[in-house]
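Here's the structure, in structure tokens; my notes come after.
Please treat every number below as a calculation from the coordinates, not as lab data. Since this is a predicted model, take the numbers as computed values, not measurements. Cβ atoms come from the backbone with ideal geometry, glycine included; neighbour counts cover every protein chain shown.
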Amino acid sequence: MIITTTHYMLLSAALFTLGIIGVMTRRNVIIILMSIELMLNAVNINFIAFSHQLQNVVGQVFAVFVIVVAAAEAAVGLGIILAFYRNKETVNIDEMGLMRW
Amino acid sequence: MAEAVAFYICAALILGFGALVITAKSTVHSVLYLVADFLCVAALYVMLQAPFLAVIQVMVYAGGIVVLYLFVVMLVNLKRPPEAHSDPRRLGRLGVAMAAAVLVEFAAIFALGWAKPASAGGALSPNNVEQIGRALYTDYLIPFEVASVLLLVAMIGAIVLAKREL
Amino acid sequence: MVEALILPLVKIVIVLVAVLVTVMYIVLLERKVQAWVQVRLGPMRVGPHGILQPLADVLKLFVKEDITPARADKWVFTAAPIIVLVPALIAFAVIPFAGDLTLFGLTIPGRIADVNVGLLYVISVAGIGIYGIILGGWSSNSKWALLGSLRSSAQLISYEIAVTMTLVTVIMLAGTLSMVGIVQAQLAKGWWFGFMQPVAFFIYFVGALAETNRAPFDLPEAEQELVAGFHTEYSGMRFAFYFLAEYANMIVVSTVATTLFLGGWLAPFPNVSWLSFLGLVPGWAWFMLKTFGFLYAFLWVRATFPRYRYDQLMRLGWKWLIPLAILNVVVTGLLKVLV
């Protein structure tokens with residue numbers, strides 16, 4: 001029973017799918033952001049599995065960059081949610097049509 | 001064998017917690033499951049001989065980002081649940097398309113992607129903190145600096161957005 | 001078999017028991033030290049000079065009624081104390097308590113594991129403990145607990161930055177993240193990093209006080225303002241878990257300080273010939289002595305300094321300690337390049 005990179009790819013695809021389902025079905029913006037974090041993690045699993053497969057450190061370096069972007073995204077996204085909640089008292093994404101015309 | 005057992009346990013936990021994140025009723029529970037999920041992913045990184053990434057995962061994701069989520073969930077003290085009026089059929093067509101794409105992806109991995117297990121004793125040592133540092137500060141110096149600027153911008157942006165009056 | 005499985009298990013049990021016993025007696029010592037500072041006697045009733053007081057305390061906590069508040073989130077309320085305690089205990093996995101010992105012809109490394117990212121492991125594990133505090137406060141469904149937990153987590157996050165910055169200077173000097181490697185670097189340099197980096201050591205000490213919610217930074221449980229902080233609603237064993245975690249965290253920061261700044265298990269003055277008898281004392285004894293000295297400083301500070309106000313705490317952290325720590329990193333880097 002040997003674990004290959006394919007196993008990791010399948011796991012990563014499944015996790016990514018879970019993230020997509022979350023984004024599609026939930027209406028709470030905070031949970032949608034968390035689903036995006038799940039998807040970013042799926043990407044990271046792939047990066048590191050391939051870093052292991054190819055014996056190359058670049059995959060891990062890119063995973064670090066993904067984590068940086070995730071941190072920035074979380075900070076700004078949650079700031080927006082807070083500002084929006086202060087004005088509208090809701091975190092339902094269906095009621096966030098302010099910038100739409 | 002031991003590796004396989006560990007992998008399947010980790011995978012089951014990751015997917016299980018992931019499913020709980022997107023289905024939990026209470027947002028706080030959802031955040032908790034997210035932390036558990038990230039910790040399991042960190043365990044997976046250890047199995048892939050990336051201890052530095054595992055520790056960074058725990059430190060930045062579990063110890064930093066998700067704490068931020070928890071704070072916001074606690075601050076956004078909802079009077080009514082946000083799921084009250086949403087139409088499940090509204091995204092139906094998009095959902096079908098997405099499901100098809102995922103199916104194609106799985107099929108492609110199955111059909112094309114049965115890779116050989118990684119050869120041990122390659123160029124990547126399990127103690128690769130130094131290698132990562134070297135790569136970050138030489139080949140990827142400019143992306144690294146751009147990432148630091150991104151973090152600075154995010155920091156200022158978050159303060160401007162969240163502070164009531166500056 | 002013996003080396004791979006039984007030896008680590010034995011070591012884990014020894015460390016766990018040692019930590020729990022130390023916690024019990026640090027509590028007693030704290031009461032005694034405070035009493036002596038205030039010219040009192042402290043606990044005297046249970047056993048000679050109150051030496052059995054910790055056992056009585058443990059017994060009391062065991063038999064006390066365990067209350068879950070009505071309308072509390074039961075699941076989270078139960079999980080929170082465990083989430084606090086477990087990270088505090090697993091941090092000991094990478095602490096090197098001694099050099100290599102030889103016992104029955106077997107070389108035993110004096111630590112549970114030497115991970116090559118040991119220091120980062122300690123930092124990241126410490127970060128997980130915040131959840132227990134936030135969730136404990138939130139799930140109790142009580143104003144005091146929630147305010148206490150918000151204060152506590154804000155304080156922890158603020159001071160973690162400064163503390164991590166001081167650790168960066170140590171990493172720069174040692175050139176490794178492994179805890180054993182850091183001690184060996186101090187042996188090679190001939191100087192303990194506490195003397196090479198007095199500013200970092202000072203910031204670490206202040207940050208450690210704040211991160212373990214000790215006086216003068218014990219705002220999360222400021223009795224006059226917040227009843228008891230985030231664990232107001234806890235009683236019995238669950239309260240004991242919080243208590244245990246707080247003191248276990250004190251021991252963690254003390255052992256980390258010993259390893260990083262005070263040379264771990266190394267004996268002092270290795271190159272002064274008439275003091276060479278100090279090398280006869282085993283390494284683990286030096287380690288315990290240094291850790292104990294650091295812990296005593298905690299108690300001493302608590303008995304001496306008044307509590308900070310919340311805005312003073314934040315100003316100290318953000319406007320003084322963090323810039324100072326960053327400046328220290330820059331200066332260390334410059335010296336490393338120039339000298």
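Calculate the tail of P(r) for the stretch B:127-166: the fraction of all Cα-Cα distances greater than 13 Å, expressed in %. Within the stretch B:127-166, distances greater than 13 Å cover 63 percent of Cα pairs. The angle separating the long axis of helix C:74-90 from the principal Cα axis of greatest extent in chain C is about 20 degrees.
The ellipsoid equivalent to the alpha-carbon distribution of the protein assembly as shown has semi-axes of 40, 32, 24 angstrom, derived from the gyration tensor eigenvalues as √(5λ) and listed largest first.
Translational diffusion of the stretch C:198-305, estimated by Stokes-Einstein from the Kirkwood radius over alpha carbon pairs at 37 °C in a medium of 0.692 mPa s, is 209 µm² per second. Cβ crowding within 10 Å, taken as a proxy for footprinting-reagent exposure, orders C:GLU160, B:GLU105 from fewest neighbours to most as B:GLU105, C:GLU160. Running Debye on the stretch C:104-259 with equal point scatterers at the Cα sites and no solvent, what base-10 log of I(q)/I(0) appears at q = 0.10, 0.14, 0.21 Å⁻¹? Log10 of I(q)/I(0), two decimals: -0.43, -0.75, -1.28.
Ordering C:GLY229, C:ILE26, C:LEU295 by Cα displacement along the dipole of the protein assembly as shown toward the positive end leaves C:GLY229 in first place; charges were set at the Cβ atoms of Lys, Arg (+1) and Asp, Glu (-1). For the stretch A:1-83, the Kirkwood hydrodynamic radius from C-alpha pairs, put into Stokes-Einstein at 10 °C and a viscosity of 1.306 mPa s, yields a diffusion coefficient of 116 µm² per second. Between helix A:58-88 and chain A, what is the angle of the helix's C-alpha long axis to the longest principal axis, kept within 0 to 90° and rounded to the nearest 10? For helix A:58-88, the angle is close to 10 degrees. The Cα atoms of chain C define a convex hull whose projected area, averaged across directions, is 20.1 nm². In this Cβ point-charge picture (+1 for Lys and Arg, -1 for Asp and Glu), chain C has a dipole of about 480 debye about its Cα centre. Cross-link pairs exceeding 21 Å between alpha carbons, from the set C:LYS11/C:LYS60; B:LYS163/C:LYS143; B:LYS25/B:LYS163; C:LYS143/C:LYS319; B:LYS163/C:LYS319: C:LYS11/C:LYS60; B:LYS163/C:LYS143; B:LYS25/B:LYS163; C:LYS143/C:LYS319. Spatially, the stretch C:234-290 and the stretch A:22-72 are offset by 39 Å when compared through their Cα centroids.
Over the stretch B:1-78, with a single point scatterer placed on each C-alpha, what log10 of the ratio I(q)/I(0) does the Debye formula yield at q = 0.11, 0.23 1/Å? Scattering profile of the stretch B:1-78, log10 relative to I(0): -0.32, -1.02. Computed about its Cα centre, the charge dipole of the stretch C:100-240 is approximately 160 debye, with only Lys, Arg, Asp and Glu carrying charge at their Cβ. Taking all C-alpha pairs of the stretch C:298-339, those more than 12 Å from each other amount to 70 percent. Computed over the stretch C:267-339, the alpha-carbon pair-distance distribution with 5 angstrom bins reads 3, 12, 9, 10, 12, 15, 17, 12, 6, 2, 0, each value a whole percent. Rounded to the nearest 10 degrees, what's the angle between the helix A:5-25 long axis and the longest principal axis of chain A, both from Cα atoms, 0 to 90? With both axes taken from Cα atoms, the answer is about 10 degrees. Every pair of different Cα atoms in the stretch A:50-101 enters the Kirkwood calculation, which places the hydrodynamic radius at 13.7 Å. By the beta-carbon count within 10 Å of each Cβ, the least crowded to most crowded order of C:ARG151, B:ARG93, A:ARG86, fewest first, is B:ARG93, A:ARG86, C:ARG151.
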